[in-house]
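Working notes, structure below.
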Amino acid sequence: MRGLYSSYTRYNAPVFALTFDDGPGPDTEALLDVLRAAGVRATFFLLGRNLEEAPWCGDPARARSLAVRAAREGHVLGNHTWSHFRPDRWRELAADVRRGEAVVRDLRRESGAAEAPVPFRLPYGVRVTDGALDPRLPVIASMGLGHQHWTSDFDDWTLPHGEGPALAARMVAHIEQFAALGLDAVLDLHDSGTGSSFGYSRPATVEGVRLLLEEARRRKWKSYTVP
Ligand SMILES: [Zn+2]
C-alpha cells in the first residue's frame, strides 16, 4: 500500500508541447536550430502559401527545404490550410484544407517521413461569433478531421524584438498553472505569418522558446509532440 500511495503523491514534472503556426518564415531556420540544440521536437502547422508562393522570401525552394529539414529532424508537419482564410470564408474552407494537406503530404514524402494522418489546425482557432458555433467545425468534421487546439496562445506574432524574455516568463507560468491542474500544456506559437501588419519575422518567438527550453532543462520538464 505504501508503494501505491507514494506513486500517487510523487511529484509529476510539468509536461508541455510546442506548436508553431503559419510557417515557414524568415525565423524558422533559427527556431529549428534552437529546437535541435535543446533536443526538443515540435509540431509545425504549415501554410501552403508560405511554401508554394513563399511571399516572405520569394524563394519557394528555400521554404520547402526548411519544412523538409523540420520533418527530417523529427518534427511533425501539420496543415494550417493553404490560404489562411478568415472564418467567414468557410464555404471555401474544404478546398483550401485539401490544397494545404496535399502540400504537407508531398513534403512528408520528400523527407521520408512515415505515412500518418496530417494533424490540422484552423486559422484563428475555433471562434464563437454572436453565440453561434464556428461554421468551419462541421466542414472539417465532414472531412474526417479534428481541430488541434491549444491550452494557451500568447499573441507572440505581435511581439517586437526584445520581448523574448517576457514571452518565456508567460510560457513558464502557463505550463506551471496547467501542471498544477494535472494537465499538460499545448503552447500555440508562430514562426511566420500571413504578411499582415505584423509581417513575417518572429524574433521574439525564437528567443522566447530558447529561454523556455533552457528553463525546462534546468527544471527537468518533459516535452512531447501533438497529436
Ligand atoms: Zn495562423
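The values are calculated or read from the model by the stated rules, or taken from the named source; none is laboratory data. Fair warning: this is a prediction, and the values are worked out from it, not measured in the lab. Counting neighbours? That spans all protein chains shown, and the Cβs are built from the backbone with ideal geometry, glycine included. Heads up: the accessible areas ignore ligands, DNA and RNA and are worked out on the full protein's heavy atoms, side chains in. Shrake-Rupley method; radii C 1.70, N 1.55, O 1.52, S 1.80 Å.
Ranking 221, 90 from most to least accessible surface, computed with a 1.4 Å probe over the protein chains only, gives 90, 221.
Bridges between two residues of the chain, per DSSP, are antiparallel at a rate of about 5%. With 10 Å bins beginning at zero, the pair-distance distribution over Cα atoms of region 45-118 amounts to 21, 51, 24, 3 %. Counting Cα-Cα pairs of region 65-166 in 5 Å increments starting at 0 gives whole-percent bin shares of 2, 11, 19, 19, 18, 16, 10, 5, 1. The H on the amide N of residue 186, modeled in the peptide plane, is under 5 Å from the matching H of 17, 151, 152, each at least 5 residues off or on a different chain.
The angle between the Cα long axis of helix 93-111 and the main principal axis of the chain comes to about 70°, on a 0 to 90 degree scale.
Over the chain, DSSP H runs of length four or greater, each weighted -39,500 (n - 2.57), average out per residue to a 222 nm ellipticity of -13500 deg cm²/dmol. Could you work out what % of the accessible surface of the chain is carbon and sulfur, using a 1.4 angstrom probe and leaving DNA, RNA and ligands out of the count? Taking all protein chains in place, the chain shows 53 percent carbon and sulfur surface.
With respect to the chain, whose longest principal axis is taken over its alpha-carbon atoms, helix 203-219 is tilted by about 30°. Using every pair of separate Cα atoms, the Kirkwood estimate puts the hydrodynamic radius of the chain at 18.2 angstrom. Averaged over its residues, the chain has an accessible area of 50 Å² per residue, based on protein heavy atoms and a 1.4 Å probe.
Summing +1 for each Lys or Arg and -1 for each Asp or Glu among the other residues whose beta-carbon sits under 15 angstrom from that of residue 81 gives +1. A simple count of charges around residue 71, restricted to other residues whose Cβ falls under 14 Å of its Cβ and scoring Lys, Arg +1 and Asp, Glu -1, yields +4.
Structure remark: mean-square fluctuation, Gaussian network model of the chain, C-alpha springs under 10 Å; the largest value among 65, 196, 83 belongs to 196. All Cα-Cα separations within region 100-227 were binned at 10 Å from zero, giving a P(r) of 11, 31, 37, 21, 1, each value a whole percent of the pairs.
Cα centroids of region 185-227 and region 145-163: 8 Å apart.
The phi torsions of region 160-168, fed into the Karplus equation with coefficients 6.51, -1.76 and 1.60 and a -60° offset, translate into couplings of x, 3, x, 8, x, x, 5, 4, 4 Hz, rounded to whole numbers, with Gly and Pro shown as x.
3J(HN,Hα) along region 46-57: 7, 9, x, 5, 6, 9, 7, 9, 6, x, 6, 9 Hz, from the Karplus curve 6.51 cos²θ - 1.76 cosθ + 1.60 with θ = phi - 60°, whole Hz, x for Gly and Pro. Calculated on the Cα set of region 147-213, radius of gyration then Dmax: 12.4, 38 Å.
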